[in-house]
Amino acid sequence: MISRFKDFIRISFVQDVSILGIGKFLSILLSVVSSIILARLLQPELYGIYGLIFAFVGLIGIFMNWGGNFASLTLLAEAYAKKDKQEIKNILTYFIKITFWAICIVGVLSIVFTPFLTELLYHNSQMGYWVRIVLLASFLTIIYSLLVVILQSIRKIKQLTILETFNKFIYILLPIIFVLLGWGLTGVVWGYFIPAFIFLILSIFIYSFLAKKDKLLPSLEQIFSNFRKIKIKKYFNFGFLIAVNQNLSRFHSLLPVIFLGIFASMQDVGYFKIALGYITISSMALEPISRLLNVQLPKSKSYSLQIFKEHFYKTSFYSGLISILLVIPFVVLAPYLIKFFYGEEYIQSIRLVYYLAIFVAFSGFGIGLGPFYRTVNKMKIPIIINTFQIILMTLLIIILVKNYSSLMAITLSFIISTVLFLFIHFLIIKNILKNA
């Protein structure tokens, strides 16, 4: 058994998951500390507005995600393995160019209209001005995002983990400092803008260092000078369907907060945000597995269909089992931990935790759904499924809100639609593998 364990930990995939897992643990710890401090300082109403600001930014981000990162991540790893310097330069140029276009088209329009939209939806135009600052901060992350894609593609996992952990720390530290100084929500949003500017400069220096050290990587100057030569269509077609599916999944996860902002009070938004943030701490530990399955499942499929099938089902089963085991102590301790860390003001979040635990427990089984569909090149299937999932959730909210409070109706609709369509995913996957 000792010999087998030693062989197991020598596997590069296991080592990379372990390193990413350590980074994820630190990230979770920082996120928890941040949510506790901000929830205490802002109180339920302002914390609810804080949640709406970033949900609205996330909603805009959906329309700005055109698949550049997915296409670049998958194709760059292949080009780097082949030592194709020209293709590497083209892929990196595509990433910068498609991101820049998204900023110029969707981003600029969003900057102009956000105060009007937040006034229309939430009767709060000030929220739109805060959204503007966070959006501008997201525009500055273009080089940092490029750097993350490169480090992951060339499997420099240790360097990637250090960079992401440091990034998370700065993004958490500055908003807290500014709120403690008495700047409120204005301090929070500027606490996101300043780190974005810092990491823009830092990422340029780090990338320049990598490009000098690795002859396969072009300089930033070479990338920008390649703008006119690159053909967008070649790479866009590859990543767009992946982006659409990812955006629909993200939209589904944002819907509860968006609907709560429309139908419920800001305090209810704060209660939901605390409950969901608390109970999903356990599921965050599985994210490194999902991240590396994007590379591992295609490799398994190249060996044989049987190996691919076994790896997918085993990963799904054990991830689901781990998810259930991890969520149990969080459910049991919820009345004590929420009251102790967040305070008496968030007691109403405890009841929501019991319902949302069902969602978290089942979500572990779906850890490999995205990588599976990408590997078998069936991206239209999850797009259709996710579209119907959003429609079902919306209909359930309309039906349940007549008999339940807005907070409970939206929570139940979110859970029911997620669990039901998880089963539908596996029925379809079973049929795909059977036909294959």
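The values are calculated or read from the model by the stated rules, or taken from the named source; none is laboratory data. Computed from a predicted model, the values in this text were never measured in an experiment. Note that each Cβ is placed from the backbone with ideal geometry, even for glycine, and that neighbours are counted across all protein chains shown.
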Report, by residue number, each residue of the range 75-86 that is assigned to a helix (DSSP H, G or I) and surrounded by fewer than 16 Cβ atoms within 10 Å (Cβ to Cβ).
Glu78, Ala81, Lys85, Gln86
Can you find, within the range 395-436, the residue that is modelled with the highest pLDDT among those that are among the polar types (S, T, N, Q) and farther than 15 Å from Phe359 by Cα?
Asn431
Screening Thr186, Thr165, Thr118 for residues that are surrounded by 21 or more Cβ atoms within 10 Å (Cβ to Cβ), hydroxyl-bearing (Ser, Thr, Tyr) and in a helix (DSSP H, G or I) leaves only Thr118
Which one is modelled with the highest pLDDT among residues in the range 266-289 that are surrounded by 18 or more Cβ atoms within 10 Å (Cβ to Cβ), in a helix (DSSP H, G or I) and under 13 Å from the mean Cα position of the chain (by Cα)?
Ser283
Residue within the range 204-226 that is surrounded by fewer than 18 Cβ atoms within 10 Å (Cβ to Cβ), of a type in the set (D, E, K, R) and in contact with a Lys or Arg (Cβ under 9 Å, 6 or more places away or on another chain) present:
yes
Scan the range 250-265 and tell me whether some residue there is of a type in the set (A, V, I, L, M, F, W, C), in the same structural domain as Ile142 (by TED's automatic domain parsing) and either within 30 Å of Leu352 (Cα to Cα) or crowded, with 20+ Cβ neighbours inside 10 Å (or both).
no
Conditions first: (1) of a type outside the set (Val, Ile, Thr); (2) outside any helix (DSSP H, G or I); (3) surrounded by 17 or more Cβ atoms within 10 Å (Cβ to Cβ). Asn377 passes all but one, so which condition is the exception?
(3)
Might you check whether a residue that is closer than 19 Å to Leu276 by Cα and out of contact with any strand residue (DSSP E or B) (no Cβ under 6 Å at 6 or more places or on another chain) occurs anywhere in the range 369-387?
no
Positions within the range 331-357 being outside any helix (DSSP H, G or I) and either buried (at least 20 other Cβ atoms within 10 Å of the Cβ) or without any contact (Cβ under 8 Å) to a residue 12 or more places away in the chain (or both), in sequence order
Ile347
Kindly evaluate Thr394 against the criterion of being surrounded by 22 or more Cβ atoms within 10 Å (Cβ to Cβ) and in the same structural domain as Gln267 (by TED's automatic domain parsing).
no
Of Ile367, Ile324, Ile328, Ile424, which residue is within 30 Å of Leu293 (Cβ to Cβ) and buried (at least 20 other Cβ atoms within 10 Å of the Cβ)?
Ile367
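Yes/no matrix, rows are residues, columns are (1) of a type in the set (A, V, I, L, M, F, W, C); (2) assigned by TED's automatic domain parsing to the domain that holds Tyr122; (3) closer than 16 Å to Ser249 by Cβ:
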residue: Gly58; (1), (2), (3): no, yes, yes
residue: Gly61; (1), (2), (3): no, yes, yes
residue: Gly67; (1), (2), (3): no, yes, yes
residue: Ser72; (1), (2), (3): no, yes, no
residue: Tyr80; (1), (2), (3): no, yes, no
residue: Asn90; (1), (2), (3): no, yes, no
residue: Phe95; (1), (2), (3): yes, yes, no
If Ile230 meets every condition in (1) in a helix (DSSP H, G or I); (2) within 18 Å of Asn69 (Cα to Cα) apart from one, which number is that one?
(1)
Output for the range 56-74, where each listed residue is of a type in the set (Gly, Ala, Ser) and surrounded by fewer than 21 Cβ atoms within 10 Å (Cβ to Cβ):
Gly58, Gly61
Hey, does the range 358-373 have a residue that's among the small types (Gly, Ala, Ser), modelled with pLDDT under 85, within 30 Å of Ile429 (Cα to Cα) and assigned to a helix (DSSP H, G or I)?
yes
